[in-house]
Amino acid sequence: MAESPITPRERDFAAWYQDVVLQGDMAEPAEIVKGCMVIKPNGYAVWEILQRELDDRFKATGHQNVYFPLLIPESFLKKEAEHVEGFAPELAVVTIAGGKQLEEPYVIRPTSETIIGHFFAKWIQSWRDLPVLMNQWANVVRWELRTRMFLRTTEFLWQEGHTAHSTHEEAVEEVLRILDVYAEVAEDIMAMPVIKGVKSKAEKFAGALRSYSIEGMMQNGLALQAGTSHDLGQNFGKAFDVKFQNKEGQLDYVWQTSWGVSTRLIGGLIMSHSDDKGLVLPPKLAPVKAVVVPIYRKDDEKVKVLEAAHRIAKEIGAKVDEREGQSPGAKFFHWERRGVPVVIELGPRDLASGNAVMKRRDTGTKEIVPQSEIPARFKDVLEAMQKDLFNAAQARLKANTVVANSIGEVEEILREVTAERGGGKFVMAHLKDDAVCDARLKEFKATVRNIPLVDEYDGAGKCIVTGEEVDRRVVIAKSY
RNA sequence: CGGGCUGUGGCGCAGCCUGGCUAGCGCGCUUGCUUGGGGUGCAAGAGGUCGUGGGUUCGAAUCCCGCCAGCCCGACCA
């Protein structure tokens, strides 16, 4: 495996990101399939942990996993006007199968609201059938014109929750409950602070009444929409004729929700914590939490060192890097690039003293720990690292969030910001959710990321574009 | 999808402008010895349809055209 240097963030953030993904052995461009990537073992292992964390929480809130077909009749997409308009440009369509032209083409799902709507209509008749709480782990395809590994790929892995309720209130509760689950996983597991909020009309999901999102801030100050939860109202219920008889005996359309997070989270994870030496994984998401690097000269040393290394590794669930012909130094670099939280160095010196050297990936701090205390110390270090990574990310988010009171100010702050140059900010300003305002922001390629659910600022004020009264400041930023 | 840059052993590149022996270099890889607490050193090896298809030419990595892919910008984008 060739190991090239990593471009420093300072020089080119976008190149740095590429390097970290590649050198961290997370993924690589598929090349033979445009815009797609191969998720490699190190990357997929992180995804599996994320899946488990999310899935446990979905189950705990009453959801069940299901699986629907990858192919959807083209006509389904057209049943909800806004939905088709939103997705039509990015659909991949199957027109030939079994050597014959299909009578009706199938689209490869960009998302599954439509096909699920079809089945909801079959399954739901009575208020007693509600709520229906389902989740699907799947791949989807969206023919994006510009892709970046993990952040936006043509095919990606995600989960999509789909629920149906008898009242709007209940649906909204569901939407917010899931938004909380997403925020919890982002913050507690990924150590990535996020802002929960409502998407502007311009940015909401095609076919939704309202969309909610969690927005994270990457190290270059760009926003990343890390998860969305949609209040679909009765739009899909009406489009797919999903009716039920309520307690009063009247027919009504169901109130639906849908919500999703994807492998994009991994991109967010990387851009939240990694550094110029490579990947940094928060302990809770690290497939390998520790590696013991044995150091020895002679064969008798080797035997003793390896014996102790395996004993320690067993106690803490670590891996021993026994590769022959690799110097310890080379091994340190190897694991550093791959984001392993803790590396334990163990050599003859340590055997003599009964100690070991424990090194933290995030701070680079080395400490000498008596071997007997390693399990306890290891646990503490992982906890501290998890907490410190979150705190550092949160401090960065705070430091790069600014208040602005005129559109000129907002433009001044964001105009020159790009993914590679960095310098991005979250600008908090009063702005009406209106096409005129969106257009003004577009002049310098910024968008409203969301309207925070919790107003941590000064309440109502006048829109900096239209002058109309709005009830709180919104998050304006450049985004991925 | 428009613009720019790029594609040469596993990786990073040189060669291309100005066509010409057996296509070089560094890293990595294999074997042996050596070394080992932050990328050990030495030696001997293996490994290339020059992204791809066509064209020009006595001759193409090199010139021309198409296509594919990657990166950046733009437009687009839960």
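Since every read-out is calculated from the coordinates, none of them should be taken as a lab result. Note that this is a predicted model, so its numbers are computed, not measured. In this analysis, Cβ positions are derived from the backbone assuming ideal geometry, glycine residues included, and neighbour counts consider all displayed protein chains.
Which trypsin sites (Lys or Arg not before Pro) in region A:187-228 pass both tests, a DSSP loop state and at most 11 other beta-carbon atoms within 10 Å?
Answer in residue order: no site qualifies.
Round to a whole angstrom and tell me the spacing of the C-alpha centers of region A:231-262 and region A:168-197.
Centre-to-centre (Cα) distance: 22 Å.
What nm value, rounded to one decimal, do you get for the distance between residue A:412 and residue A:173 when each label is placed 7 Å out toward the C-beta?
Roughly 4.8 nm, to one decimal.
Report the Cα-based extents of chain A along its three principal axes, largest first, to the nearest Å.
82, 57, 47
Fully extended, how many nm does the chain gain between residue A:383 and residue A:201 (0.36 nm per residue separation, minus their Cα-Cα distance)?
So the extension gain works out to 61.5 nm.
Full extension from residue A:123 to residue A:188: what is 0.36 nm times the residue separation minus their Cα-Cα distance, to one decimal in nm?
On the way: separation 65, 0.36 × 65 = 23.40 nm, distance 3.66 nm.
Additional length available on full extension: 19.7 nm.
For residue A:420 and residue A:137, compute 0.36 nm times the residue count separating them, minus their Cα-Cα distance, and round to one decimal in nm. Provide the component values of the computation, followed by the final result.
Numbers: separation 283, 0.36 × 283 = 101.88 nm, distance 3.25 nm.
Stretched out fully, the residue A:420 to residue A:137 stretch lengthens by 98.6 nm.
Could you tell me whether region A:170-229 comes out rounded, prolate or oblate from its Cα gyration tensor? Rule is a ≥ b ≥ c as square roots of the eigenvalues, rounded for a/c under 1.5, then prolate if a/b exceeds b/c, otherwise oblate. List each step's numbers first, then the result.
On the way: a/c = 3.22, a/b = 1.32, b/c = 2.45.
Oblate is the answer for region A:170-229, as a/c is 1.5 or above yet b/c matches or exceeds a/b.
Based on Cα coordinates alone, diagonalise the gyration tensor for region A:226-275, multiply each eigenvalue by 5, take square roots, and list the semi-axes in whole Å, largest first.
39, 9, 6
So which chymotrypsin sites (Phe, Trp or Tyr not before Pro) in region A:26-75 end up in coil per DSSP with only 14 or fewer other C-beta atoms within 10 Å?
A:67
Could you list A:168, A:230, A:118 so that the one with the fewest beta carbons within 10 Å of its beta carbon is first and the one with the most is last?
So the residues, fewest neighbours to most, are A:168, A:118, A:230.
Which whole-number value in Å³ per residue fits the convex hull of the alpha carbons of region A:288-381?
Details: hull volume 7.9 nm³, N = 94.
Taking the convex hull of the Cα positions in region A:288-381, it is 84 Å³ per residue.
Fewest Cβ neighbours within 10 Å first, please rank A:253, A:212 accordingly. Before the final figure, lay out the partial values.
On the way: A:253 18, A:212 27.
The fewest-first ordering by Cβ neighbours comes to A:253, A:212.
Counting only DSSP beta bridges with both residues in region A:401-477, tell me the antiparallel percent, nearest 5.
That works out to approximately 75 percent antiparallel.
Looking at region A:26-62, which trypsin sites (Lys or Arg not before Pro) are in a loop (DSSP not H, G, I, E or B) and have at most 15 other Cβ atoms within 10 Å?
When the trypsin sites (Lys or Arg not before Pro) of region A:26-62 are filtered for loop state and at most 15 Cβ neighbours within 10 Å, A:34 remain.
Any lysines with Cα under 26 Å of the residue A:304 Cα? List them, leaving off those in the same chain fewer than 8 positions away.
Reachable lysines: A:289, A:314, A:319, A:331, A:359, A:366, A:379.
Using 19 Å as the Cα-Cα cut-off, could you pick out the over-long pairs in A:199/A:478; A:398/A:478; A:40/A:478; A:78/A:100; A:199/A:445? It would help to have the intermediate numbers written out before the result.
On the way: A:199/A:478 15 Å; A:398/A:478 16 Å; A:40/A:478 29 Å; A:78/A:100 24 Å; A:199/A:445 17 Å.
Where the Cα-Cα span goes over 19 Å, the pairs concerned are A:40/A:478; A:78/A:100.
Between residue A:101 and residue A:66, what FRET efficiency comes out of the Förster formula 1/(1 + (r/R0)^6) with R0 = 45 Å and r the beta carbon distance, rounded to 0.05?
Once rounded, the FRET efficiency stands at 0.90.
Rounded to whole Å, give me the distance from the Cα center of region A:443-480 to that of region A:402-424.
Going from one Cα centre to the other spans 13 Å.
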